[in-house]
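Only one structure is covered here, and it is reproduced in the block below.
The values are calculated or read from the model by the stated rules, or taken from the named source; none is laboratory data. Given the structure is predicted, the values throughout are model-derived calculations rather than measurements. Cβ placement follows ideal geometry from the backbone for every residue including glycine, while neighbour counts extend to all protein chains displayed. These area figures cover heavy atoms from the full protein model, side chains too; ligands, DNA and RNA do not enter into them. Shrake-Rupley method; radii C 1.70, N 1.55, O 1.52, S 1.80 Å.
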Amino acid sequence: MVVTGESIAFFVLSMMAIGGGMMMISATKVVHMVLSLAFSLLSIAGIYVLLHAEFLAVVQVLIYTGAISILMLFGIMLTKHHVTEEDDQSPRRWHPFLSFLGVGALFAIIMGVIYQTPFANNEEVTQSYSLEALGKAVFKQYVIPFELTSILLLVALVGAVILAKKEADS
Amino acid sequence: MKTLIDFDWTVMAPELTIAGMAALLSVIDLFLHPNKDRRFFMWPTLIAIGTAIGFVATQWGKPAYQILADTYRVDDFAFVFKMILLIGTALVAVISYGAFRREKGFAEGEYYYLLLVALLGGMVMTSSGDLITLFVGLELLSIATYILVGMRKRAITSNEAAWKNVVLGGVASAFILYGMSFLYGLTGSTNLFTMKERLGEALTSGYDLYAWLALFLIVFGFGFKVAVAPFHMWVPDVYQGAPTPITAFLAVISKTAAFALMLRVFLTGFLPLFQGGGGTLVDEETGGRLLLTMAGLSMILGTVIALRQQDAKRLLAYSSIAQAGVILVPMATWGPFLFPSTVYYLVGYLFTTLGAFTVLMLIEGDAGDSKLSSFAGLSRRAPLTAGAMALFLLSLAGIPVTVGFFGKFYILMNAIVTGSPEHWAMYLIAGIMLMTTVASYFYYFGIIRMMYFRPPQRREGLRVPVGAMMVIGIAFIATLGLGLMPQWILGILGNLDWGAALSPVK
């Protein structure tokens, strides 16, 4: 395997993405979780750049790293957050072990499949996947799912409001 | 290439009606006084569903049609499933009328338009040939139901149910998406028909492991969505905690839509993985093995655990797992009556389950809990309701002259026809089905025994609202009528062009 700048960058970025995800799970404070999540998402934006998907990378930084993380931080600031992280004193001690076993098995299967399958080594031309092509795909061929997604977002918003709203009469 | 204007968009009228009414209701909700009773939202909801049923009915007998590379398509398969979903949601809306009066701070306006949006998601899931649209439809249905389940904010069980539903449903969606991404990477297309062709090539050129991995991940996710064992753990808690009309919605509409999605994805996109060596012959050595295992496991687990339940809602939840196993049997065994037997069973399941949950809702409102003992002496307090409930339970158990009996019989015949000494698994699944059916008599008759042979805890009669009475009546007539005259609906189902769903529009 030839070590190029690209492969080094890929390794660093993917380690950062995975590390951010792991930190997010193991962190106990909400603010730390949000920061590690933002870190992870930012690294994914870097991977997009490596894949010549610049537009996607910019959008990733704008929306995920920027907007969503900031929104979460605002949410934390504006709500009560007595994060009383009670220690998991669950009586079932074998739970972590079983989950580890399950996740390990899934990982082994997926890695096994990936390594056993031959992959054609030819380079793909990424120039044709331009912003224009993306726009055409989203607003022409996939206009129906696109519109449905807007209803989906509306529903999620309504749901968040009615589940979080405090009634006037309480 | 055709432009957007060239397509005949009128075929989308049912979906547009539902979406339009949901939007309209959300605006009306905004302008109404906060303290105003929003029960009357049921009427516009019913009108929208009725109009949509009318629009769907106009597609009867018309050839299949697709818009924008199969991202939306209408065919007879979509026609039938949309009818089931629409009728089911209409009945759920009727029993919801006034069901939440005692619930403080219940967002009743939102309830109705979320119900419509969930229905819209289900309808989209039945009529598309593109993975992206199908997945968006699935999420629309799932997210709307996550909210509906958690709407009784003050009930701790409802909160727990919503939480479990969101987390496990989210995991299931992630697995489906992961599987789909492998599939897309392998075939380079999200169109199910293109996928079928390219998957066939991939299988013979050394990429078969990838295809199996994709199928495995997708089966995992679909298993959660249709609630079959071993992916059933969330079902009892969610069914118990959700408001009862929503439990009925989950048990009937969500399940039917998920089955429609499963049928379409497996029988078109994944077809090469289900076909045996002989070309068209389908055997259990391939993808069918996964489905057979799931069907058998859910029938056994659902029945065995239901035997020990003391709570009627949990009992019906486990029974719905067993029923999902039965519905999976035709898909796992294929055979000549795959579509008609599945759809016939689903139609019967729709009416009997909705009827049973309606009675359960009345009992719950009366006694304050859904324990089996709350059914005691129902025959003396409300003889008609008790009689209807007994019929629904007999139908769920599969006793003759009900729709459930004929549905099971049809599925059983279909399984046996496909069996042969080489395909002994088909006989095995038929045997499991028979045995679990017999075992299920025990718990269904447990409720009937309670209703007829135990003294009532209270003297006064059971209050039955008009809406619930109508739903029970409709369900009663359908359960008995379709059981006595199955040929009426089977004639319709037999004449439909099921093949249109499996091939591209010419």
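Worth pointing out:
- Taking chain B and dividing mean pair separation by its residue count, relative contact order in percent (alpha carbons under 8 Å, at least six apart): 15
- Protection proxy ranking for B:451-458, B:227-234, B:387-394, using the average of other Cβ atoms within 10 Å per residue and placing the highest first: B:387-394, B:227-234, B:451-458.
- Ordering of B:252-260, B:42-50, B:471-479 by burial proxy (mean other Cβ atoms within 10 Å per residue, highest first): B:252-260, B:471-479, B:42-50
- Counting Cβ atoms of other protein chains within 10 Å of each Cβ in B:59-69 and taking the mean gives 1.
- Peptide-level mean, for A:135-148, of C-beta atoms on other protein chains within 10 Å: 5
- At least 30 Å along the helix axis (C-alpha) and Kyte average at least -1.0, DSSP helices within chain A: A:5-26, A:30-50, A:94-116, A:143-164
- Estimated [θ] at 222 nm from DSSP helical runs (n ≥ 4, -39500 (n - 2.57)) normalised by residues in the protein assembly as shown, nearest 500: -23000 deg cm²/dmol
- Out-of-range pairs (alpha-carbon distance over 26 Å; input A:Lys136/B:Lys225; A:Lys140/A:Lys165; B:Lys164/B:Lys371; A:Lys29/A:Lys165): A:Lys136/B:Lys225; A:Lys140/A:Lys165
- Helix axis angle, B:288-306 relative to chain B longest principal axis, alpha carbon, degrees: 10
- Residue mean of other protein chain beta carbons inside 10 Å, B:203-212: 2
- The distance between label points at A:Leu163 and A:Leu106 comes to 2.1 nm (points 7 Å beyond Cα on the Cα→Cβ vector).
- C-alpha long axis of helix B:76-96 to longest principal axis of chain B, angle in °: 20
- Shape of the stretch A:1-81, Cα gyration tensor, a/c cut at 1.5: oblate
- Accessible area that becomes buried as A packs against B, both chains, 1.4 Å probe, Å², nearest 100: 3000
- Here chain B is treated with +1 on each Lys and Arg Cβ and -1 on each Asp and Glu Cβ, and its dipole about the Cα centre works out to around 1800 debye.
- Tail beyond 39 Å, pair distance distribution of chain B (Cα, percent): 20
- Set of lysines near B:Lys196 by C-alpha distance (under 18 Å), chain-local residues within fewer than 8 positions excluded: B:Lys506
- Principal-axis analysis of the Cα atoms of chain B puts helix B:131-149 at an angle of about 10° to the longest axis.
- In percent, rounded to a whole number, the relative contact order of the stretch B:302-506 is 30, using alpha-carbon pairs under 8 Å and six or more apart.
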